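Working notes, structure below.
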Amino acid sequence: MIDAHMSERYSVGLPPGYRVADVLAFHGRDLEGVAEQVDASGLRKGVLLGGVPTLLEIRFDAGVAHCRVLFDGPVTPAVQVLAHEALLNVLGLRIDPTAFAAFVRDDPWLGPLVARQPGLRIVQSATVFEALTWAIVGQQINLTFAIALRRTLIEVAGRAHSSGLWCYPEAVDVARLDATELTGRKFSKAKAETILRVAGMVVDGSLALERGADADVSQKLLAIKGIGPWTVNYVLLRGYGYPDCSLHGDVAVRAALHQLSGDATRPGVPEAERLLARYAPHRTLAAAYLWASLAEKPATD
């Protein structure tokens, strides 16, 4: 066991063209800054790791991410590994976009988009459990409401770090909740029950979320009431950094395909799945670029 209240420092070299602004935008979506604080030069994020309130601090400077991890409690080597993994996730360093750029260089839809916006990365949640619960929270509601519900989950199940930031909870923290603690704060009954169900499964060992478990986690998740293909693919994308997630059920992905194809009607889910198949085994970054395409301003004469 290592002394409590310790800190560690890392310097992570960033690849050429690394898009700091994308990382800051992803982690800065909750403007109330309950568990994340973002400014122009970096970010601070609170997360529970192995039961230890942990603060991840990242400062960006000249192609390097200067990282500091501050633990509020006894730290084991396993928790140190979790912290290092969380940093890689938060920095979006799981998938190298170089191979995808080469793959779509001559693609009429995404080739020009990649040329205009090179180096787009998949920024992840700090932990797989965070990605899973965020995916469940975000099912079939708008982003603003989803962020508010996520904040509620942090406040009722998380813990405060000595820095003042709240830490995103782990499964054991969420499993202790009663459903009324969520439904009383605007969660639907179905959403609350699904979150508690998966948290309980992680705690009892029937659902393993550790990195390396992604090979068979899809089928296990699909068997859980309240979880469908979109949620599973989102977890693989934001939780594991899996490179070939087909987000054909995503409304924004289908809107982007409609916009790029120029067809008269938006593709349905089966048609979107067929269209995305052309980008295998890189469908995760294809989805990222399709999302990005919706934010581009239309060309003007």
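The values are calculated or read from the model by the stated rules, or taken from the named source; none is laboratory data. This one's a predicted model, so the numbers in the text were calculated from it and none came from an experiment. Cβ sites come from the backbone with ideal geometry, for glycine too, and all protein chains shown count toward neighbours.
Would you check which residues across the range 152-194 are aliphatic (A, V, I, L, M) and more than 21 Å from residue 82 (Cβ to Cβ) and list them? Steps first, answer last, please.
Of all residues in the range 152-194, those aliphatic (A, V, I, L, M) come to 153-154, 156-157, 160, 165, 171-172, 174-175, 177, 179, 182, 190, 192.
The answer is 156, 177, 179, 182, 190, 192.
Count, please, the residues in the range 35-45 that happen to be under 19 Å from residue 124 (Cβ atoms), over 17 Å from the mean Cα position of the chain (by Cα) and of a type in the set (A, V, I, L, M).
Residues meeting the conditions: 0.
Kindly state which helices (runs of 4 or more DSSP H) lie completely within the range 228-301 and contain at least 1 residues that are under 17 Å from residue 131 (Cα atoms).
229-235, 283-295
Can you tell me which of (1) surrounded by 20 or more Cβ atoms within 10 Å (Cβ to Cβ); (2) more than 30 Å from residue 295 (Cβ to Cβ); (3) under 21 Å from the mean Cα position of the chain (by Cα) is the one residue 197 doesn't meet?
Unmet for residue 197, out of (1) surrounded by 20 or more Cβ atoms within 10 Å (Cβ to Cβ); (2) more than 30 Å from residue 295 (Cβ to Cβ); (3) under 21 Å from the mean Cα position of the chain (by Cα): (1).
Could you say whether any residue in the range 135-142 is at pLDDT 95 or above and not in a helix (DSSP H, G or I)?
no
Test residue 92 against the stated conditions and say whether it is touching an Asp or Glu at 6+ places or on another chain (Cβ under 8 Å), at positive phi and surrounded by 15 or more Cβ atoms within 10 Å (Cβ to Cβ).
yes
Name the single residue, out of those in the range 46-78 being under 20 Å from the mean Cα position of the chain (by Cα) and under 24 Å from residue 203 (Cα atoms), that is surrounded by the most Cβ atoms within 10 Å (Cβ to Cβ).
Once the filter is applied, the top-ranked residue is 47.
Taking the range 89-116, which residues are in contact with a Gly (Cβ under 9 Å, 6 or more places away or on another chain) and either touching a residue at least 40 places away in the same chain (Cβ under 8 Å) or of a type in the set (D, E, K, R) (or both)?
Passing the criteria: 89, 92, 93, 94, 95, 97, 104, 105.
Residue by residue, here is whether (1) in contact with a Cys (Cβ under 8 Å, 6 or more places away or on another chain); (2) in a loop (DSSP other than H, G, I, E, B); (3) farther than 12 Å from residue 161 by Cβ holds:
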residue	(1), (2), (3)
10	yes, no, yes
32	no, yes, yes
48	yes, no, no
66	no, no, yes
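Residue check: is residue 156 of a type outside the set (Lys, Arg), in contact (Cβ under 8 Å) with a residue 24 or more places away in the chain, crowded, with 20+ Cβ neighbours inside 10 Å and not assigned by TED's automatic domain parsing to the domain that holds residue 287? Walk me through how you get there before you give the answer.
On the way: of a type outside the set (Lys, Arg): yes; in contact (Cβ under 8 Å) with a residue 24 or more places away in the chain: yes; crowded, with 20+ Cβ neighbours inside 10 Å: no; not assigned by TED's automatic domain parsing to the domain that holds residue 287: yes.
No.
Under the condition of being surrounded by fewer than 18 Cβ atoms within 10 Å (Cβ to Cβ) and among the acidic types (Asp, Glu), which residue from the range 233-291 is farthest from residue 111 (Cα to Cα)?
So the residue we want is 271.
Would you confirm, using the coordinates I've provided, whether residue 70 is of a type outside the set (Gly, Ala, Ser), at pLDDT 95 or above and in contact with a His (Cβ under 8 Å, 6 or more places away or on another chain)?
Working: of a type outside the set (Gly, Ala, Ser): yes; at pLDDT 95 or above: yes; in contact with a His (Cβ under 8 Å, 6 or more places away or on another chain): yes.
When the stated conditions are applied, residue 70 passes them.
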